[in-house]
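**Student:** Can you read through this structure? Questions will come right after.
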Amino acid sequence: MSETPSSSKKFLRALQGDVQDVPPIWFMRQAGRYLPEYRETRKEAGSFLDLCYSPDHAVEVTLQPIRRYGFDAAILFADILVIPDALGQPVRFEEGIGPVLEPVTTPAELAKLNGSKVRERLAPVFETLRRLSKALPEETALIGFAGAPWTVATYMVGGRGSPDQAAAKLWAFRAPDEFQVLIDLLVEATGDYLLAQVEAGAEAIQLFDTWAGSLPPSHFERWCVEPVRRIRARLAKEAPDVPVIAFPRGAGPNYPGYFKVTGVSAVSLDTGLSPEWARDNVQTLGPVQGNLDPLLVVAGGEEMRIAAARIIEALRGGPFIFNLGHGIVPQTPPEHVADLVDFIRSYR
Ligand code: CP3
């Protein structure tokens, strides 16, 4: 944490440890299907991955929520599953199912993946970032991101989203040395990918570990904490000024240990933590972001404002970024997002 926050951007100042009366705001999945203008651009682009790999369209959808709500940070439009795609495990997104991949379940299939082409294959993503760093308002920070190795591995091994991540867990439990090869490949490829994002203009990085909560405590350290610690250490060396936020969703009482051991700059709080517990046990270690339940934004009204006020009251005494505890959902009325942003910005 720096003693003298120096950035002109509210979001980056919070990550440097600055305590602000009105917190900076951005929302996970702030670009997406709840916005009519997103659905329009998505139709034009073709498939979801075409949208991710078309800088024209990806820049446009990144900017849409900034134009509407003036968020303090924009997050690159892409997906965590562009990494398997770049490693040679093609990904497609199917209506009503989500991501679909040919599962990788044996050392032989693992050996076919190739980590040396990540920069080349993801070149359009870096072009999107270069254009965004020119197009964004002066006060808006630009966030790059990737999935954490464990979460990306759950999709690579399972071949699609699953309620329990059983396929990846079983591989990790039955043959940890084989599974380690996959995790090592992801640590390396994700580090390369994120460093290229920083070169292209990303000012902060978020690592999404959506399925961190599916590992038992006996295996949390090896498969969640250690890979993120390694990526963070590499970034700290090769891009020392760029803060890293991690989102170990579902980590519960492991949040403080995770924060300390990984050495990340900040953590994103899921919906399961009370903001008072987070203040006393997590924010004592550094900046936090979160943690409003996204369905409260679907509901809107007084119930949403009461919950938002409680979060602000609990966390604004320390470095804090207002966010949701998980991504915005497609059925969110855009007016409720506007109400919430107005409420946070006028709350005293
Ligand atoms: O606005 C942003 O936050 C930036 C873009 C972004 C997307 N996905 C766009 C997206 C980010 C940061 C992600 C992260 C992501 N992707 C995660 C981690 C965060 C989380 O929500 O838990 C995960 C697990 C994925 C994988 C993924 N991508 C799934 C499971 C799905 C299908 C489910 C769904 O919501 O449709 C996606 C598709 C996806 N990624 C969409 C968007 C806007 C919807 C695709 C569409 O337009 O049809």
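The values are calculated or read from the model by the stated rules, or taken from the named source; none is laboratory data. Note that the structure is predicted; figures quoted are calculated from it, not measured. As a convention, Cβ positions derive from the backbone with ideal geometry for all residues, glycine included, and neighbour counts pool all protein chains shown. Side chains included, ligands, DNA and RNA excluded: accessible areas come from the protein's heavy atoms. Shrake-Rupley method; radii C 1.70, N 1.55, O 1.52, S 1.80 Å.
**Student:** Rank by packing, highest mean first: peptides 142-153, 56-67, with packing defined as the count of other Cβ atoms within 10 Å averaged across residues.
**Tutor:** Taking the mean over residues of other Cβ atoms within 10 Å, the ranking is 142-153, 56-67.
**Student:** When the Kirkwood radius is taken over all Cα pairs of segment 134-254, what Stokes-Einstein diffusion coefficient follows at 10 °C and 1.306 mPa s, in µm²/s?
**Tutor:** Calculated translational D: 106 µm²/s.
**Student:** What accessible area per residue comes out for the chain, rounded to a whole number of Å², with a 1.4 Å probe?
**Tutor:** Per-residue accessible area for the chain comes out at 40 Å².
**Student:** Please list 35-42, 198-205 highest first by mean number of surrounding beta-carbon atoms within 10 Å per residue.
**Tutor:** 198-205, 35-42
**Student:** So which DSSP H runs in the chain come out at 27 Å plus along the axis (Cα) with average Kyte-Doolittle of at least -0.5?
**Tutor:** The qualifying helices are 176-199.
**Student:** Share of the chain's accessible area from carbon and sulfur, percent, 1.4 Å?
**Tutor:** Answer for the chain is 51 percent, counting heavy atoms of protein chains only.
**Student:** With n ≥ 4 as the cut-off for DSSP H runs, can you work out [θ] at 222 nm for the chain, using -39500 (n - 2.57) per run divided by the number of residues, rounded to the nearest 500?
**Tutor:** Taken over the chain, the calculation gives -14500 deg cm²/dmol.
**Student:** Okay, next question. For residue 9, which lysines qualify as cross-link partners when the Cα separation must be under 27 Å and same-chain residues fewer than eight apart are set aside?
**Tutor:** Partners found: 134, 237, 260.
**Student:** With every protein chain left in place and a probe of 1.4 Å, what is the accessible surface of residue 93, to the nearest 10 Å²?
**Tutor:** Approximately 60 Å² of residue 93 is accessible to the 1.4 Å probe.
**Student:** Express in nm, to one decimal, how much length is gained between residue 33 and residue 338 on full extension, taking 0.36 nm for each residue of separation and deducting their alpha carbon distance.
**Tutor:** Stretched out fully, the residue 33 to residue 338 stretch lengthens by 108.2 nm.
**Student:** List the relative contact order of segment 10-346 as a percent without decimals, with contacts defined as Cα pairs under 8 Å and 6+ residues apart.
**Tutor:** 21 percent
**Student:** Would you calculate the separation in nanometres between label points at residue 106 and residue 261, each defined as 7 Å from the Cα along the Cα-to-beta-carbon direction?
**Tutor:** Computed distance between label sites residue 106 and residue 261 equals 3.4 nm.
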